[in-house]
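Trainee: To start, I am sharing the structure in question, which I have written as structure tokens.
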Amino acid sequence: MSARNIAYKVLFDIEKNKKYSNISLDYYLKESDLDDLQRGFATELVYGVLENKIFLDGIINRHSKIKVKKMQYSVKISLRMGAYQLIFLDGVKDYAAINETVSMMKKIDKRSSNFVNAVLRNISRNIDDVFEHDENSIEGLATRYSFEKWIVERLVKENGIEKTRDILISLSEKPKIYLRVNRLRSSEFPSFDDYLDFVLERLSRDGIVGRKVEGIAEAIEVDSFKRIEKNELFTKGYISVQDISSMLVGNVLNPSENSVVLDLCSAPGGKSTHLAEIMNNTGKVVSHDIFEHKVKLVKSYCERLGINNVEISLGDASEFNPEYEGKFDYVLCDVPCSGMGIVRRKPEIKYKKEEDVVGLPILQLQILSNAAKYLKKGGSMVYSTCTIFDSENINVVQKFLNGNKDFVFESICGDPMTKLFEEERLRKGYLKIMPSKDNMDGFFICKLKKV
Ligand SMILES: C[S@@+](CC[C@H](N)C(=O)[O-])C[C@H]1O[C@@H](n2cnc3c(N)ncnc32)[C@H](O)[C@@H]1O
């Protein structure tokens, strides 16, 4: 199967069968015998089309008598793929974008291929006008950057139109890729620096260019990685894939060795395993998630990294567990959220419906309120999300604090935070990380102390 055919199948799976992009793409790429270049092209097509779906549909609608809403899946997906290549891929000549799409369409549904041909030729004739949008209106921003309108409305309400434009631009950029080195393996080396050098050298042997990250000792930035799950450094537990915003959550909680930690929403396990590494495999991390299949992921994550201080089991964080009352030195509430800070990694989030996220603040507050009861007096907890909506972040925390006078904000200054952010942003005890300002995934991290 060619790269274009694979991209078509994946996009069809996402659109019609509501599959996740990464899972579907992995499936089809695993089955294929494409070389790395062609795999890259298939990936680019899938994510390019997905990230620009509303924008592309707008262009198609302007150049077609039949509107996208009325088209069959095969036709609209082929048109989006063709239009994406015409508009965004400089390396693909217009005639190739059109001819390849039309010949793909002929094999899928011959009767529609003339129509696809006509629409793509029409777009190609007017290619210079495609980026004309009113970027001072909610409607214009939503179309240009391909977001559901309610998302842009909410961002404008919280940030104003100018900042929203910057946020949408930053959420449309390619995300940087980071690895977290497993601190537990550092004892095999004379120093931590030698350990990082070893990892970087092994990566470069596999054609992966990487570098240390100023400020975060265990982070490595890589330009790309192919089939990381097959890489020996990965299979042998030296590295995990994790964005630096997410690493900072573990760093802010910073549990001491031999302490007892509760991670209420832990799957797939990025933060539970990081906490276990920070604790040097001592003490205990009690780790729960509500989904059985996800609990299994945390287990295999721990096994791969040689972690044995994490106890993983099924648990619903919104239900109070009296057995946990006052038992934990640290609690992490990395709550389910709308995910608006990580759109660059999961473009499907751009098309979430408002009704899917409207109930989240209630659930988040419920989880935080339960967590508070599990903490020992003097203990610390972190409330974190990967969203940039205040309604799921500071507003939830403020509501919680109004009803829990025995909790106060705890400063999050210190290593590594002060190396990365201005102190005045950290002193308050919470931080909204903005992709537009901080060049990392959007996150909210808040530290609270039980006094
Ligand atoms: C933001 S993710 C957690 C990511 C995780 N901490 C990590 O670093 O890998 C939120 C998780 O909450 C889980 N979840 C949703 N509702 C829950 C509930 N009521 N109780 C426990 N976990 C829940 C989801 O399955 C999801 O895995």
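The values are calculated or read from the model by the stated rules, or taken from the named source; none is laboratory data. This is a predicted model, so every value here is computed, not measured. Counting neighbours? That spans all protein chains shown, and the Cβs are built from the backbone with ideal geometry, glycine included.
Trainee: Anything in region 315-359 that is in a helix (DSSP H, G or I) and surrounded by fewer than 20 Cβ atoms within 10 Å (Cβ to Cβ)? List them, or say none. Show your work before the answer.
Mentor: We begin by selecting, within region 315-359, every residue in a helix (DSSP H, G or I); these are 322-324, 340-342, 347-351, 354-357.
Within region 315-359, 322, 323, 324, 348, 351, 354, 355, 356 qualify.
Trainee: Same structure, new question: Name every residue in region 136-153 that is in a helix (DSSP H, G or I) and crowded, with 22+ Cβ neighbours inside 10 Å, in order of residue number.
Mentor: Let us first name the residues in region 136-153 that are in a helix (DSSP H, G or I), namely 138-144, 149-153.
Answer for region 136-153, where residues must be in a helix (DSSP H, G or I) and crowded, with 22+ Cβ neighbours inside 10 Å: 141, 142, 144, 151, 152.
Trainee: Given (1) modelled with pLDDT of 95 or more; (2) within 22 Å of the chain's Cα centre (by Cα), identify the lone condition not met by residue 26.
Mentor: The one condition residue 26 does not meet is (1).
Trainee: Considering only residues that are of a type outside the set (D, E, K, R) and near the ligand (Cβ under 8 Å from one of its atoms), look in region 289-300 and name the one that is surrounded by the fewest Cβ atoms within 10 Å (Cβ to Cβ).
Mentor: The selected residue is 291.
Trainee: When the residues of region 402-412 are narrowed to those that are surrounded by 15 or more Cβ atoms within 10 Å (Cβ to Cβ) and not polar (S, T, N, Q), which ends up nearest to the chain's Cα centre (by Cα)?
Mentor: 412
Trainee: If you check 399, 447, which single one turns out to be touching a residue at least 24 places away in the same chain (Cβ under 8 Å), crowded, with 20+ Cβ neighbours inside 10 Å and in contact with a Leu (Cβ under 9 Å, 6 or more places away or on another chain)?
Mentor: The conditions single out 447.
Table: residues versus (1) out of contact with any helix residue (DSSP H, G or I) (no Cβ under 6 Å at 6 or more places or on another chain); (2) within 12 Å of the ligand (Cβ to nearest atom).
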| residue | (1), (2) |
| --- | --- |
| 242 | no, yes |
| 245 | yes, yes |
| 248 | yes, yes |
| 251 | yes, no |
| 258 | yes, no |
| 270 | no, yes |
| 275 | no, yes |
| 287 | no, yes |
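Trainee: With the structure loaded, tell me whether residue 257 is farther than 24 Å from residue 451 by Cα and either at pLDDT 95 or above or not in a loop (DSSP other than H, G, I, E, B) (or both) or whether it fails that test. Step through it out loud before you land on a result.
Mentor: Numbers: farther than 24 Å from residue 451 by Cα: no; either at pLDDT 95 or above or not in a loop (DSSP other than H, G, I, E, B) (or both): yes.
No, not satisfied.
Trainee: Using beta carbons and a limit of 7 Å, which pairs, at least six apart or on different chains, have the first residue in region 85-114 and buried (at least 18 other Cβ atoms within 10 Å of the Cβ) and the second one not in a helix (DSSP H, G or I)?
Mentor: Going by the 7 Å Cβ cut-off, the qualifying pairs are 85/92; 87/130.
Trainee: Okay, moving on. Go through (1) within 11 Å of the ligand (Cβ to nearest atom); (2) assigned to a helix (DSSP H, G or I) one by one and return the number of the condition residue 304 breaks.
Mentor: Just one mismatch for residue 304, condition (1).
Trainee: What number of residues within region 422-448 are of a type outside the set (A, V, I, L, M) and touching a helix residue (DSSP H, G or I) at 6+ places or on another chain (Cβ under 7 Å)?
Mentor: Adding up the residues that qualify gives 8.
Trainee: So is residue 311 in a helix (DSSP H, G or I), over 19 Å from residue 247 (Cα atoms) and more than 9 Å from the ligand (Cβ to nearest atom) or not? It would help to see each step written out before you state the result.
Mentor: On the way: in a helix (DSSP H, G or I): no; over 19 Å from residue 247 (Cα atoms): yes; more than 9 Å from the ligand (Cβ to nearest atom): yes.
Considered against the rule, which asks whether it is in a helix (DSSP H, G or I), over 19 Å from residue 247 (Cα atoms) and more than 9 Å from the ligand (Cβ to nearest atom), residue 311 comes out as no.
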